[in-house]
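The values are calculated or read from the model by the stated rules, or taken from the named source; none is laboratory data. In this text the structure is predicted, and so the values were computed from the model without any measurement. No Cβ is skipped: glycine too gets one built from the backbone with ideal geometry, and neighbour counts run over all protein chains shown. Keep in mind that these areas ignore ligands, DNA and RNA; they rest on the heavy atoms of the full protein, side chains included. Shrake-Rupley method; radii C 1.70, N 1.55, O 1.52, S 1.80 Å.
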Amino acid sequence: MSYVITIAGGGSGHTPGILLTALRYRKEFLINEIRLYDTDEVRNEDMRIIMDFLLKREHEDVKLVATSDPKDAFTGCDFIFSQIRVGGMEMRELDEKIPLKYGLVGQETCGLGGFAYGMRTMKGFTEMVGFIQQYPPDAWILNYTNPETIVSETVRRQFPNIKIINACDMTIGIEMLLERSFGYDRKNLVATYYGLNHFGWYHDIYDVTKGRDVMPEILEKIKQQGFNTEGTEPSWAHTWNIMADMQRVFPDNLMNNYLQYYLFPDKIVESANPTYTRANEIMDGRNKTIKENVAKIQENRDLDTIDYKSVAHGQYIVEMAMSIIHNQNKRFMLIVPNMGAIPNLRPDAVVEIPCYVNAKGVEPISLRFDIPDFQKGLMEAQVAAEKLLVDAFFENSYQKALEAFTLNQTVPNATVAKNVLDDFIAANGDYWVNLK
Ligand code: G6P
Ligand code: MN
């Protein structure tokens with residue numbers, strides 16, 4: 001069997017990493033066609049040029065198409081890998097800068113920036129799923145689109161029967177960090193993790209070679225040594241350092257680094273530059289490199305300096321596709337309706353928990369333990385805030401949006417919630433539904 005893959009958000013700088021990961025597994029996962037789908041035709045064409053170069057360099061005979069037409073993109077494809085970013089980096093920049101103007105966390109997926117992005121993505125993503133349903137109703141959507149809990153909750157409400165797997169690479173990223181820092185081998189770790197997307201904790205990390213839970217010793221190592229940030233770009237090194245500090249304050253469970261935005265917003269805001277945020281770094285870094293690489297290819301120079309790597313993002317998505325194709329029952333942390341998996345959390349929450357992936361799709365694992373009050377309290381407030389935002393989208397409700405913004409745990413009062421909401425409404429225009 002060989003497969004047709006559509007990468008939605010094909011113009012993203014993450015696309016080459018997916019290709020290079022897939023090529024590492026070409027025996028198990030044979031791809032005969034890759035379609036790049038993007039509403040931004042310039043970025044998509046740039047990426048087509050880079051992908052074409054990489055395929056030729058690897059001597060791969062794969063058909064490559066770039067299109068902004070959903071019919072051409074989705075008809076007859078087997079997998080859709082979705083990483084769309086509605087509004088692009090330009091809007092990410094505003095998601096980060098508007099809250100910072102008010103002294104609040106400014107981030108693409110957490111806090112009010114995440115909610116602003118959520119409002120845009122609900123609109124753009126549901127529109128895309130509508131197209132997908134029209135053309136290849138049988139394809140699996142492997143979805144990375146942020147902010148993931150909000151996207152998952154929205155799709156569940158509007159398209160309850162769609163074949164979608166919602167995944168985030170952060171847990172695999174954390175496990176790779178454990179490999180780099182302390183010499184563990186991810187393949188030997190069976191982890192139990194629970195939470196919401198970008199908002200969770202490890203309960204235990206069983207090491208099959210040792211026959212026991214190694215989370216206590218990992219936590220001790222973090223406390224003593226921190227993480228190995230060698231070769232990590234400065235923003236991520238900063239995140240890993242804050243994470244190590246967080247673990248010293250909350251030493252019982254290994255946690256998701258994104259909790260930094262909810263537990264220590266003071267430190268985050270203090271170290272942020274309100275005029276130069278992560279979006280600026282990416283525009284000046286990853287995105288500039290795309291343009292430079294396209295020029296090198298077109299001018300046929302410095303080709304050996306074009307350097308892309310297979311990283312966590314691609315690894316996760318390709319491993320999932322293979323687990324479906326070959327019915328491997330591999331274990332992944334995925335974003336699914338709770339339905340009792342975390343017994344003492346509301347069943348209609350969308351949670352991130354371990355799941356098996358096989359030919360049938362996703363089989364979530366029931367945790368069968370109650371989570372502690374600290375985690376439960378934080379999660380309940382977050383679930384309610386995210387649900388209110390999704391309500392606001394479907395009901396065109398300003399009031400619900402304001403409640404969501406006020407309940408967000410990075411927000412100290414309703415006055416600032418309203419100010420930020422009004423700024424975001426003005427900045428987003430038609431990217432958002434009209435709130436009345
Ligand atoms: C991790 C998260 C993604 C997020 C990305 C941001 O991979 O799981 O959800 O989009 O980090 O990375 P960036 O380099 O774009 O700031
Ligand atoms: Mn993520």
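Quick look at the numbers
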| read-out | value |
| --- | --- |
| Members of the stretch 235-268 found to be among the polar types (S, T, N, Q), under 20 Å from residue 279 (Cβ atoms) and either open to solvent by 20 Å² or more (accessible area, probe 1.4 Å) or away from ligand 2 (no atom under 16 Å from the Cβ) (or both), listed by number | 235 |
| Matching residues, the stretch 148-165, being closer than 19 Å to residue 388 by Cα and either outside any loop (DSSP other than H, G, I, E, B) or open to solvent by less than 10 Å² (accessible area, probe 1.4 Å) (or both) | 148, 149, 150, 151, 152, 153, 154, 155, 156, 157, 158 |
| Residue within the stretch 36-50 that is in contact with a helix residue (DSSP H, G or I) (Cβ under 7 Å, 6 or more places away or on another chain), of a type in the set (Asp, Glu) and open to solvent by 30 Å² or more (accessible area, probe 1.4 Å) present | yes |
| Selection count where residues are outside any helix (DSSP H, G or I) and under 30 Å from residue 406 (Cα atoms), scope the stretch 262-313 | 7 |
| Selection count, the stretch 23-35, where residues are buried (at least 21 other Cβ atoms within 10 Å of the Cβ) and either in contact with a Leu (Cβ under 6 Å, 6 or more places away or on another chain) or closer than 25 Å to residue 289 by Cβ (or both) | 3 |
| Residue ranges of helices (runs of 4 or more DSSP H) in the stretch 168-260 with at least 2 members in contact (Cβ under 8 Å) with a residue 24 or more places away in the chain and within 16 Å of ligand 1 (Cβ to nearest atom) | 170-182, 234-249 |
| Residue in the stretch 92-114 that is among the small types (Gly, Ala, Ser), within 23 Å of residue 317 (Cα to Cα) and either open to solvent by 20 Å² or more (accessible area, probe 1.4 Å) or within 16 Å of ligand 2 (Cβ to nearest atom) (or both) present | yes |
| Identity of the residue in the stretch 166-188, open to solvent by less than 20 Å² (accessible area, probe 1.4 Å) and more than 14 Å from ligand 2 (Cβ to nearest atom), that ends up nearest to the chain's Cα centre (by Cα) | 177 |
| One residue from 42, 62 being closer than 21 Å to residue 279 by Cα and free of Cβ contacts under 8 Å to residues at least 40 places away in the same chain | 42 |
| Test: residue 26 is basic (Lys, Arg) and assigned to a loop (DSSP other than H, G, I, E, B) | yes |
| Selected residue [open to solvent by 40 Å² or more (accessible area, probe 1.4 Å) and either under 25 Å from the mean Cα position of the chain (by Cα) or of a type in the set (S, T, N, Q) (or both)] from 209, 232 | 209 |
| Residue check, residue 126 free of Cβ contacts under 8 Å to residues at least 60 places away in the same chain and part of a helix (DSSP H, G or I) | yes |
| All positions within the stretch 92-111 that are within 12 Å of residue 278 (Cα to Cα) and not in a loop (DSSP other than H, G, I, E, B) | 92, 93, 94, 95, 96, 97 |
| Subset of the stretch 278-295 that is in contact with a helix residue (DSSP H, G or I) (Cβ under 6 Å, 6 or more places away or on another chain) and closer than 16 Å to residue 48 by Cβ - its residue that is farthest from ligand 1 (Cβ to nearest atom) | 294 |
| Top-ranked residue in the stretch 325-340 [being part of a loop (DSSP other than H, G, I, E, B) and without any contact (Cβ under 8 Å) to a residue 60 or more places away in the chain; ranked as most open to solvent (accessible area, probe 1.4 Å)] | 339 |
| Filter pass, residue 401 being within 26 Å of residue 349 (Cα to Cα) and surrounded by 15 or more Cβ atoms within 10 Å (Cβ to Cβ) | yes |
| Qualifying positions in the stretch 122-150 - among the hydrophobic types (A, V, I, L, M, F, W, C), within 16 Å of ligand 1 (Cβ to nearest atom) and out of contact with any strand residue (DSSP E or B) (no Cβ under 7 Å at 6 or more places or on another chain) | 125, 150 |
